[in-house]
Structure formats: C-alpha cells, structure tokens
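Visitor: Dropping the structure in here first, questions after.
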Amino acid sequence: MATILGGIFSSHVPGIGGAIAKGLQQDPYWKPFFDGFEPVHRWLDQARPTTAIVFYNDHGLNFFLDKMPTFAVGAAPEYRNADEGWGLSVSPSFAGKPELSWHIIEALVAAEFDVTTCQQMLVDHALTIPFALAWPGTTQWPVRIVPIAINTVQHPLPSPKRCLALGRAVNAALRSWDGDDRIVVMGTGGLSHQLDGERAGHINTAYDRFCMDSLASDPDAMTAHTSLDVVELAGSQGVEILNWIAARGALGDSAGELSRTYHVPISNTAAAVMLLEAHDGLQLA
Ligand code: DHB
Ligand code: FE
C-alpha cells in the first residue's frame with residue numbers, strides 16, 4: 001500500500017549549489033532562504049519517504065532545443081548528473097524505480113497524456129539543487145526517484161491547466177500502485193524570474209503570492225492563466241511555476257500548507273520554499 005506523504009516545492013537556482021559548497025548557509029544573503037528548509041528537514045525526519053516523484057524542467061543537459069518533449073517521464077534504473085558549466089561539483093547519482101515509472105507511464109498514456117519515455121536520462125540542477133537542500137550533506141540519496149520533466153524552455157509551452165491535469169493523472173497512477181512506497185512529491189523552479197532580454201531581473205511579488213496562496217487550497221485558480229500569461233506575469237523563466245502546479249496535482253485533492261518561505265532575491269529570482277502535506281492521498285490502494 002503506497003502512501004503519499006506530502007510535497008516539497010523549491011527554487012533551483014544553481015548559485016544555491018555554490019553557496020552550499022562554500023558553506024554560506026548562515027551568510028546574511030543566503031540565511032533567510034536556507035532557513036526555509038528547517039521545517040522541511042524536520043518533516044523529512046518524521047515522514048521518511050522512500051520514493052520521490054520530481055516535477056522539474058531540463059535546461060539543456062538532457063534535452064536541447066532540437067528535441068524538446070512537452071512531458072518526459074524517466075524510466076531508468078539510475079539518473080546521473082553531469083557538468084553543466086555552472087562550476088558546480090557533479091551530484092551523486094540518483095537511483096530510479098523503473099517499475100513505478102512504467103506504471104505511471106502506462107496510466108498517463110491510458111489517460112491520453114502521450115508522454116516521452118526516457119530509459120536513459122541525465123538530470124540537471126533543477127533536480128539536484130532541491131535534493132541538496134532537502135538532504136544536506138548526503139552522498140547517497142535516501143529515496144528512489146521518478147523524474148518528470150516539463151518543457152518550460154521552448155515555446156509552445158504546456159498550459160497551467162494541462163500541467164495540473166498531468167499532476168492529477170500522476171496522482172491517480174499512484175493510487176493504483178500496489179507497492180509500499182512512502183512518496184514525497186517535489187516541484188522545482190521559480191518563482192518569478194527572467195534571466196535575459198529587456199525585462200532581465202523581472203520579479204512579480206503579487207503573482208508569486210497569488211501562486212503560493214493558491215497552492216494548497218485552490219490550485220485551480222492558477223489555471224485561469226495561459227502559459228503566455230505566466231511569461232508576462234512571472235518572467236520568461238518564471239514559467240517554471242508549471243512544475244509546482246503539476247506537483248501540486250500529484251498530491252491529490254486536499255493538501256495543507258505546513259511551511260512557506262519567500263525571499264527576494266536569490267540570484268535573479270524570487271526564491272521560495274513550501275512544504276505541503278497530502279490529506280486524502282494518505283494510505284492509498
Ligand atoms: C537562475 C535561475 C534558474 O531557474 C536557473 O535555472 C538558472 C539560473 C538564476 O537566477 O541564476
Ligand atoms: Fe531554472
């Protein structure tokens with residue numbers, strides 16, 4: 001009997017990895033952000049997940065602009081990180097759970113999400129940084145993973161509505177999984193930021209707060225926007241909120257907010273960490 005425990009939603013700025021490497025967690029610039037993980041660490045100690053379903057976006061390490069799946073599900077026994085050019089040390093590899101990956105893929109395709117299946121897949125900073133934050137100092141990750149990459153890079157992007165529906169279809173798949181996994185869902189990226197062009201440095205605290213306020217209790221509110229609306233509101237990289245929206249769908253209908261940290265800026269972003277517990281997803285199957 002699988003159990004969905006809750007969700008961790010986190011920024012994934014590569015500079016966080018540099019701060020970890022230099023031990024800057026108590027530095028005034030970084031401290032407010034790193035402090036946001038204290039409740040996450042306490043919760044993980046109690047929740048003891050075995051399995052993580054991770055919604056993130058690849059930035060060119062695994063997929064490039066020539067081949068860009070809208071939704072890609074990892075089905076590999078192992079996922080390696082590699083040098084992306086950010087000056088970060090390469091992360092320890094992540095163990096996969098191909099049998100759960102294929103169960104999710106079968107369910108998604110049956111639900112008419114025609115996903116790309118990846119039996120080999122590199123994972124970039126959008127997955128490794130939130131893991132380094134959630135399990136600091138770990139050389140062997142305590143969970144096996146199913147990575148789900150959403151295209152937030154090359155237009156046309158999927159809509160918030162479609163990403164929430166994808167997450168809900170993953171939730172339905174987890175409900176019909178008869179393994180005894182203790183599942184944490186993760187959504188990475190955001191919040192508002194734009195790295196390039198005339199609006200480089202764009203931050204929209206009002207939209208970020210709307211998303212954070214909606215996440216637990218009314219995620220459908222975020223589906224009123226198209227993905228282009230989100231680019232306008234949150235910035236061209238702020239569309240990474242799509243990963244959060246999908247992850248929220250995977251938690252199930254009812255979820256409660258346990259903690260929230262919002263801190264501007266980290267690098268070019270409005271940085272955020274949220275922890276949600278799943279309600280009606282508990283004790284599934
Ligand atoms: C930054 C933010 C990102 O989401 C990313 O993928 C890379 C860099 C930044 O603000 O530095
Ligand atoms: Fe990013």
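The numbers here are math on the coordinates, done by the rules we state, and not lab data. Keep in mind the model is a prediction, meaning the values are calculated, not measured. Every residue, glycine among them, receives a Cβ derived from its backbone with ideal geometry; neighbour counts consider all protein chains shown.
Visitor: Just checking, which of 236, 267, 214, 227 is closer than 28 Å to residue 14 by Cβ, more than 16 Å from the chain's Cα centre (by Cα) and without any contact (Cβ under 8 Å) to a residue 12 or more places away in the chain?
Guide: Values: 236 fails: without any contact (Cβ under 8 Å) to a residue 12 or more places away in the chain; 267 fails: without any contact (Cβ under 8 Å) to a residue 12 or more places away in the chain; 227 fails: without any contact (Cβ under 8 Å) to a residue 12 or more places away in the chain.
Among 236, 267, 214, 227, only 214 is closer than 28 Å to residue 14 by Cβ, more than 16 Å from the chain's Cα centre (by Cα) and without any contact (Cβ under 8 Å) to a residue 12 or more places away in the chain.
Visitor: Here's a check for you: in region 68-103, which residue that is among the small types (Gly, Ala, Ser) and under 19 Å from residue 171 (Cα atoms) is surrounded by the most Cβ atoms within 10 Å (Cβ to Cβ)? Break it down stepwise before answering.
Guide: Of region 68-103, the ones among the small types (Gly, Ala, Ser) are 72, 74-76, 82, 85, 87, 89, 91, 93, 95-96, 101.
When the remaining residues are screened for being under 19 Å from residue 171 (Cα atoms), the result is 72, 74-75, 96, 101.
Details: 72: 22, 74: 30, 75: 22, 96: 20, 101: 24.
My answer is 74.
Visitor: Among the residues of region 9-19, is any more than 16 Å from ligand 2 (Cβ to nearest atom) and in contact (Cβ under 8 Å) with a residue 40 or more places away in the chain?
Guide: No - not one qualifying residue is present in region 9-19.
Visitor: Is it true that residue 256 is more than 16 Å from ligand 2 (Cβ to nearest atom), more than 25 Å from residue 125 (Cα to Cα) and either touching a strand residue (DSSP E or B) at 6+ places or on another chain (Cβ under 9 Å) or not aromatic (Phe, Trp, Tyr) (or both)?
Guide: Working: more than 16 Å from ligand 2 (Cβ to nearest atom): yes; more than 25 Å from residue 125 (Cα to Cα): yes; either touching a strand residue (DSSP E or B) at 6+ places or on another chain (Cβ under 9 Å) or not aromatic (Phe, Trp, Tyr) (or both): yes.
It is true that residue 256 is more than 16 Å from ligand 2 (Cβ to nearest atom), more than 25 Å from residue 125 (Cα to Cα) and either touching a strand residue (DSSP E or B) at 6+ places or on another chain (Cβ under 9 Å) or not aromatic (Phe, Trp, Tyr) (or both).
Visitor: Continuing with this model, one more query. In region 98-142, which residues are in a loop (DSSP other than H, G, I, E, B), under 28 Å from residue 15 (Cβ atoms) and not polar (S, T, N, Q)?
Guide: In the first step, residues of region 98-142 are kept if they are in a loop (DSSP other than H, G, I, E, B); the result is 111-115, 119-121, 123-124, 135-142.
Subsequent filtering for residues that are under 28 Å from residue 15 (Cβ atoms) retains 121, 123-124, 135-142.
Once the filter is applied, which keeps residues that are in a loop (DSSP other than H, G, I, E, B), under 28 Å from residue 15 (Cβ atoms) and not polar (S, T, N, Q), region 98-142 yields 121, 123, 124, 135, 136, 137, 141, 142.
For (1) crowded, with 24+ Cβ neighbours inside 10 Å; (2) more than 15 Å from ligand 2 (Cβ to nearest atom); (3) not in a loop (DSSP other than H, G, I, E, B), each residue gets a yes or a no:
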site	(1), (2), (3)
209	no, yes, yes
223	no, yes, yes
228	no, yes, yes
236	no, no, no
243	yes, no, yes
261	no, yes, yes
271	yes, no, yes
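Visitor: Can you tell me how many residues within region 168-198 are away from ligand 2 (no atom under 16 Å from the Cβ) and within 24 Å of residue 211 (Cβ to Cβ)? Break it down into steps so the answer makes sense when it comes.
Guide: Just the residues of region 168-198 that are away from ligand 2 (no atom under 16 Å from the Cβ), to begin with: 168-185, 198.
So of that shortlist, the ones also within 24 Å of residue 211 (Cβ to Cβ) come out as 168-172, 174, 183-185, 198.
Of the residues in region 168-198, 10 are away from ligand 2 (no atom under 16 Å from the Cβ) and within 24 Å of residue 211 (Cβ to Cβ).
Visitor: Output the residue which, of all residues in region 51-79 that are polar (S, T, N, Q) and away from ligand 1 (no atom under 15 Å from the Cβ), is nearest to residue 120 (Cα to Cα).
Guide: Let us first name the residues in region 51-79 that are polar (S, T, N, Q), namely 51, 57, 62, 70.
Retained after the next criterion (residues that are away from ligand 1 (no atom under 15 Å from the Cβ)): 51, 70.
On the way: 51: 19, 70: 17 Å.
Among them, the one singled out is 70.
Visitor: Okay, next question. Cβ contacts < 8 Å: first residue under 20 Å from residue 84 (Cβ atoms), restricted to region 116-136; second residue away from ligand 2 (no atom under 16 Å from the Cβ) and of a type in the set (D, E, K, R), any location; separation 6+ or different chain. Result?
Guide: 122/80; 123/80
Visitor: Residue 9 fails exactly one of the following numbered conditions: (1) outside any loop (DSSP other than H, G, I, E, B); (2) over 15 Å from the mean Cα position of the chain (by Cα); (3) not basic (Lys, Arg). What is the number of that condition?
Guide: The number of the failed condition is (2).
Visitor: Sticking with this one: Checking the condition under 29 Å from residue 45 (Cα atoms), part of a loop (DSSP other than H, G, I, E, B) and within 15 Å of the chain's Cα centre (by Cα), which residue from 179, 190 passes?
Guide: On the way: 179 fails: within 15 Å of the chain's Cα centre (by Cα).
Only one candidate passes the filter, namely 190.
Visitor: Moving on. Could you list, in sequence order, the residues of region 77-90 that are in a loop (DSSP other than H, G, I, E, B) and within 17 Å of residue 140 (Cα to Cα)? Break it down stepwise before answering.
Guide: Just the residues of region 77-90 that are in a loop (DSSP other than H, G, I, E, B), to begin with: 77, 81-90.
Answer for region 77-90, where residues must be in a loop (DSSP other than H, G, I, E, B) and within 17 Å of residue 140 (Cα to Cα): 77, 81, 82, 89, 90.
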